[in-house]
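The values are calculated or read from the model by the stated rules, or taken from the named source; none is laboratory data. Everything numeric in this text was worked out from a predicted model, so none of it was measured. Note that we place each Cβ from the backbone using ideal geometry, even for glycine, and neighbour counts take in every protein chain shown. For accessibility, only protein heavy atoms count, side chains too; no ligands or nucleic acids. Shrake-Rupley method; radii C 1.70, N 1.55, O 1.52, S 1.80 Å.
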Amino acid sequence: MDIFNSAVSVLSLVVIAVGTFIALRSLRGNTHKNIKEDGEWKGKVDTLLESIVKDLERIGEELTELRKIVFSRFGNSVISSDSPLRLTAFGETISREITAQAWVERVADSLYEDIKGMDAYEIQVFCFEYVESTDEYSNEEQKAIRHAAYKRGIKTKDIRQVLAIELRDKLLKNAGLEAL
């Protein structure tokens with residue numbers, strides 16, 4: 001938030017400086033007596049504007065660095081925290097890219113006995129644990145998971161979370177439970 005406030009402050013200064021420059025310039029145009037004074041004054045304003053531009057560039061770089069830090073710590077969310085958990089638009093994009101539905105169709109039938117008698121929450125927990133512990137990924141699927149993670153600067157665990165939500169929805173549907 002401090003960087004945002006700094007950016008707003010600097011932008012406000014730019015607007016004030018430009019407004020002041022225009023107002024003073026129009027006033028001085030009418031009482032213009034000393035070209036040397038005008039040149040010095042314009043030089044000071046130009047120096048001030050250059051300094052403001054440099055500050056804005058520095059703040060932009062800091063914001064970019066802050067964005068990198070935030071995404072490295074928290075990642076780009078693939079799952080919305082709504083209840084029940086859902087894929088975000090980012091998660092849906094990853095799902096299509098790694099053809100998650102094809103994987104789900106391939107493994108879901110073998111899991112029906114494992115989830116028999118479970119409620120929706122238990123199935124969800126099962127799916128998250130399953131995607132982390134299974135070796136039911138072909139070489140191509142493993143490669144797609146790693147590629148998607150690399151391409152977006154996220155962890156393979158985030159990609160497997162997409163698979164868990166897709167698997168959960170399929171298992172809930174087939175178990176006659178609503179995925180909401």
Scanning the range 108-132 residue by residue, those among the β-branched types (V, I, T) and surrounded by 18 or more Cβ atoms within 10 Å (Cβ to Cβ) turn out to be I115, I123, V131
Per the list (1) at pLDDT below 85; (2) exposed (fewer than 15 other Cβ atoms within 10 Å of the Cβ); (3) over 19 Å from K173 (Cβ atoms), residue check on E57 breaks on (1)
Count of residues meeting criterion [of a type outside the set (D, E, K, R), under 15 Å from L163 (Cβ atoms) and either in contact (Cβ under 8 Å) with a residue 12 or more places away in the chain or open to solvent by 50 Å² or more (accessible area, probe 1.4 Å) (or both)] in the range 78-96
9
